[in-house]
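> Provided herewith is a single structure, encoded as structure tokens, for subsequent inquiry.
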Amino acid sequence: MVYAGGSQQVDNVTVGNTPYIFQTVNTTVKLLNSQSAPIDEGQVKYYASGWKDFGTTQNGVITKELLARKYTFKMSYEGGSINKDQGIDTNSTVIFQTVNTEVQLKDSQGNLLDGGNVKYYASGWKNFGQAANGTVAKELLPKKYTFQMQYGGASINKDQDVSQDPVVVFRTVKAEVQLKDSQGNLLDGGFVKYYASGWKDFGQAANGTVTKELLPKQYTFQMEYEGISNNKDQDISTNPTVIFNTVLTTVQVKDAQNQQINGAEVSYYGSGWKVIGNTVNGEVTKELLPKQITFKAKYNSKQAQKDQDISTNNIVQLTIE
């Protein structure tokens, strides 16, 4: 007998006046949540000479007449799907049950953090929810998923089998950005940004340091100090301390006869012209972030200007003729 894709065979049947009867089984497939409450919209298929539609659960249940044998049933829900083999000749009720999956976002001290937005991958990325009090939960079929936590503009992924452990924990790292001078002393006044789906404020250095909880991954950090900015790429999952160092820049001003000029006003361009000071013994110094900078010296009615990368040469020589 072949019916609805399934088949049954009976051997050594005695032929007589009484007909041999094949009988189907009223097969019930249920989808229940972790509290055993019924769930709608579960899509059911069964394998019989190929995958065939069984139906969609209503009030957590769908039924179909099938020949009494073993089948593979497939439940699809919220993008995920799992299979189950069952002989309906011995048990005609096939039960699938979801798991109350909880995703948490914790800081470096283990405290729950708000503001995390969670997605999971199941036939495409789907919204899981936004963490309230650091936690968000959703009923999912018990299987392995890829979860994505978005926080502070950045995102990281984590694979976890919720049938083994239904609590998925993401943790941030306490990223610390420091600004130090050429002697290794901490400097105040640095303003820090980081790039994560656009430039975002990290904070202003107090006592040369500023911290922020971020997801553990590589970021581009930007330090702005005295109108000059430098960028640095760093993976804070391996090293959470990002250090920027200034260079002690010396500007020397001389005349055409190679004689030192005292009292020349020296400036540099950093988001506008900024005055370093007047030369003493023909020079003036300032701690600046290492990059190419335009310097200018004025004396009486004359001036000289020069572009120089102080990361490779921190002595800038200007000649006023």
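> What is the ratio of the Cα radius of gyration of the range 217-268 to 2.2 N^0.38 Å, with N the residue count, to two decimals?
1.86
> Also, quick follow-up: Just how much of Thr98 is accessible, in Å², when a 1.4 Å probe is used and the result is rounded to the nearest 10?
That residue has around 10 Å² of solvent-accessible surface.
> Moving on to the next point. Counting pairwise Cα distances across the chain, what percent come out greater than 35 angstrom?
53
> What's the center-to-center distance, using Cα atoms, between the range 1-78 and the range 190-227 in Å?
59
> Going Cα to Cα from Lys119, which aspartates and glutamates come in below 16 Å? Please leave out same-chain ones fewer than 8 positions away.
Glu78, Glu102, Glu139, Asp159, Asp161
> Still on this structure: In what order, largest first, do Val173, Val94 sit by accessible area if the probe radius is 1.4 Å?
My answer, sorted largest first, is Val173, Val94.
> Further, regarding this structure: Testing the spin-label approximation: label points 7 Å from Cα along Cα→Cβ at Ile21 and Leu248. State their distance in nm.
Output for this residue pair reads 10.4 nm.
> From the square roots a ≥ b ≥ c of the eigenvalues of the alpha-carbon gyration tensor of the range 189-290, which class results: rounded (a/c under 1.5), prolate (a/b over b/c), or oblate?
Prolate, because a/c is 1.5 or more and a/b exceeds b/c.
> Of Gly80, Ala132, Trp199, which is farthest along the charge dipole of the range 47-206 in the positive direction, counting Lys and Arg as +1 and Asp and Glu as -1 at C-beta?
The listed residue farthest towards the positive side: Gly80.
The values are calculated or read from the model by the stated rules, or taken from the named source; none is laboratory data. Note that this is a predicted model, so its numbers are computed, not measured. Heads up, the Cβs are rebuilt from the backbone with ideal geometry, glycines too, and the neighbour counts pull from every protein chain shown. Note: areas computed on protein heavy atoms with side chains; ligands, DNA, RNA excluded. Shrake-Rupley method; radii C 1.70, N 1.55, O 1.52, S 1.80 Å.
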